[in-house]
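Asker: This structure is in structure tokens; I'll ask about it shortly.
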Amino acid sequence: MPEYRAHLQVRLRQGVLDPAGQAVGHALRDLGFPARDVGVGKLLELTVEAASAEAAEAEVRRMAAELLVNPVLEDYDLELLPR
Amino acid sequence: MRADILVFPGSNCDLDTEIALREALPGWQVERQWHDGAHLGESQFCVLPGGFAYGDYLRAGALAARSGAIAEVRRLIERGGLVLGICNGFQVLVEAGILPGAFQANTVQHFVCRDAHLRVERARSPFLADFAEGDVLTLPIAHQEGNYRLTADEYRRLKDEGRIAFTYCGPHGESGDEHNPNGSYAGVAGVLGAEGRVLGMMPHPERAAWPAVGRKDGLGILAAALAPRLEGGGH
């Protein structure tokens, strides 16, 4: 069975307050960097076995829905690479 | 009569909760159960204690909410039992979808550990049987991710259904952002499940259960299991 490496970039949905992003933005500006609209998210990586890239993507999206992402607050982008 | 406390790797308020429940529920059997293999079939009351279940990895409460013990909690709720989630236990109930909403880091960006004043809201629940609307309780809070998020629509629906149990307030019950320690929507500190038999709250009633620690406002909440049930039939 082919293996795929999945990268999920999880970020707060548009409009959700991001206190961590704000704090990091303040710190960057204190250091003199011209940074605005800083957001703090997370990167999840995993390997999945599946018959095809489509099947692997469907499996990872089920993982996202059941556990990895909280749809109330978070959005994600999925990148899938054959191994 | 029996009350059970579920223990996850990283729970750290389970012993305090056991001692407080023994005080609140004289004559009851009170047990702590490891979540893996936990059985609530003989239980009338289950508490999910505070702590950092699974190190708060991924999101606070997310991994504990997928434990097999949560199926036992759902069965207890279906049987008419009482469930109380305190602090991290509240986060677990929200992650499990048993209570609505979601949690974010406190807007102040650090751990907050102090006494908080709570206003008892207009709500129907055995957990509030000892209190009247407008009563002010003082209970300790201790959390980093206590910023409880609801949409405006969810908040209105919960309010209409009498499911907002507590809001943060000043010492005389006054509301306002200056009394909100973590940025929670509308200062909500505790919410109820649909029939009032599930309560999630960020403050710690088990840390305010004796005069010896300077507070005992938590005792009435923990004694909920002794109060007559909403649907009659006593207990």
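The values are calculated or read from the model by the stated rules, or taken from the named source; none is laboratory data. Computed from a predicted model, the values in this text were never measured in an experiment. Cβ atoms come from the backbone with ideal geometry, glycine included; neighbour counts cover every protein chain shown.
Asker: In this structure, is B:LEU76 surrounded by fewer than 23 Cβ atoms within 10 Å (Cβ to Cβ) and within 14 Å of chain A (Cβ to nearest Cβ)?
Answerer: Answer is no for this residue.
Asker: With respect to B:LEU40, determine if the residue is more than 19 Å from B:ILE221 (Cβ to Cβ) and crowded, with 17+ Cβ neighbours inside 10 Å.
Answerer: Yes; evaluated as a whole, the condition is true for this residue.
Asker: Under the condition of being in contact with a Gly (Cβ under 8 Å, 6 or more places away or on another chain) and in a loop (DSSP other than H, G, I, E, B), which residue from segment B:169-184 is surrounded by the fewest Cβ atoms within 10 Å (Cβ to Cβ)?
Answerer: B:GLY176
Asker: Going by what's in this entry, would B:PHE52 be described as within 14 Å of chain A (Cβ to nearest Cβ) and either touching a strand residue (DSSP E or B) at 6+ places or on another chain (Cβ under 9 Å) or of a type in the set (Lys, Arg) (or both)?
Answerer: no
Asker: Anything in segment A:60-73 that is away from chain B (no Cβ under 14 Å) and free of Cβ contacts under 8 Å to residues at least 24 places away in the same chain? List them, or say none.
Answerer: Of everything in segment A:60-73, just one residue is away from chain B (no Cβ under 14 Å) and free of Cβ contacts under 8 Å to residues at least 24 places away in the same chain, namely A:ARG61.
Asker: Any residue in segment B:130-143 that is among the acidic types (Asp, Glu), over 14 Å from the mean Cα position of the chain (by Cα) and at pLDDT 95 or above?
Answerer: There is at least one residue in segment B:130-143 that is among the acidic types (Asp, Glu), over 14 Å from the mean Cα position of the chain (by Cα) and at pLDDT 95 or above.
Asker: Take the conditions surrounded by 12 or more Cβ atoms within 10 Å (Cβ to Cβ), of a type in the set (Asp, Glu) and under 26 Å from B:SER67 (Cα atoms) and apply them to A:ASP18. Does it pass?
Answerer: No: the conditions fail for A:ASP18.
Asker: For segment B:83-168, which fully contained strands (runs of 3 or more DSSP E) count at least 3 residues that are away from every other protein chain (no Cβ under 14 Å) and within 14 Å of B:ASN180 (Cα to Cα)?
Answerer: B:112-120, B:136-143
Asker: Can you tell which of B:ALA71, B:ALA20 is among the hydrophobic types (A, V, I, L, M, F, W, C), surrounded by fewer than 21 Cβ atoms within 10 Å (Cβ to Cβ) and part of a helix (DSSP H, G or I)?
Answerer: Among B:ALA71, B:ALA20, only B:ALA71 is among the hydrophobic types (A, V, I, L, M, F, W, C), surrounded by fewer than 21 Cβ atoms within 10 Å (Cβ to Cβ) and part of a helix (DSSP H, G or I).
Asker: Look at segment B:65-97 and say how many of its residues are in contact with a helix residue (DSSP H, G or I) (Cβ under 7 Å, 6 or more places away or on another chain) and farther than 18 Å from B:ALA142 by Cβ.
Answerer: Within segment B:65-97, residues that are in contact with a helix residue (DSSP H, G or I) (Cβ under 7 Å, 6 or more places away or on another chain) and farther than 18 Å from B:ALA142 by Cβ number 6.
Asker: For the list (1) buried (at least 16 other Cβ atoms within 10 Å of the Cβ); (2) in contact (Cβ under 8 Å) with a residue 24 or more places away in the chain; (3) within 30 Å of B:THR107 (Cα to Cα); (4) not charged (D, E, K, R), I need the number of the one condition that A:VAL38 fails.
Answerer: (2)
Asker: On to the next question. Can you tell me which of (1) away from chain B (no Cβ under 14 Å); (2) touching a helix residue (DSSP H, G or I) at 6+ places or on another chain (Cβ under 9 Å); (3) not aliphatic (A, V, I, L, M) is the one A:TYR76 doesn't meet?
Answerer: With respect to (1) away from chain B (no Cβ under 14 Å); (2) touching a helix residue (DSSP H, G or I) at 6+ places or on another chain (Cβ under 9 Å); (3) not aliphatic (A, V, I, L, M), A:TYR76 is out only on (1).
Asker: Please verify whether B:GLN91 is buried (at least 23 other Cβ atoms within 10 Å of the Cβ), more than 16 Å from B:ARG197 (Cα to Cα) and under 13 Å from the mean Cα position of the chain (by Cα), treating the condition exactly as stated.
Answerer: yes
Asker: Show the residue pairs that are 6+ apart or on different chains and have beta-carbon atoms under 9 Å apart, the first residue being within segment B:170-182 and modelled with pLDDT of 95 or more, the second being in a loop (DSSP other than H, G, I, E, B) and of a type in the set (Val, Ile, Thr).
Answerer: Matching pairs, first to second residue: B:ASN180/B:THR107; B:PRO181/B:VAL108; B:ASN182/B:THR107; B:ASN182/B:VAL108.
Asker: State all residues of segment A:21-59 that are within 14 Å of chain B (Cβ to nearest Cβ), in contact with a strand residue (DSSP E or B) (Cβ under 9 Å, 6 or more places away or on another chain) and among the aliphatic types (A, V, I, L, M); if no residue qualifies, say none.
Answerer: Passing the criteria: A:VAL40, A:LEU43, A:LEU44, A:LEU46.
Asker: What pairs come out if I take residues in segment B:20-46 that are free of Cβ contacts under 8 Å to residues at least 40 places away in the same chain and pair them with residues that are among the aromatic types (Phe, Trp, Tyr) whose C-beta lies under 6 Å away, six or more apart or interchain?
Answerer: B:HIS35/B:PHE8
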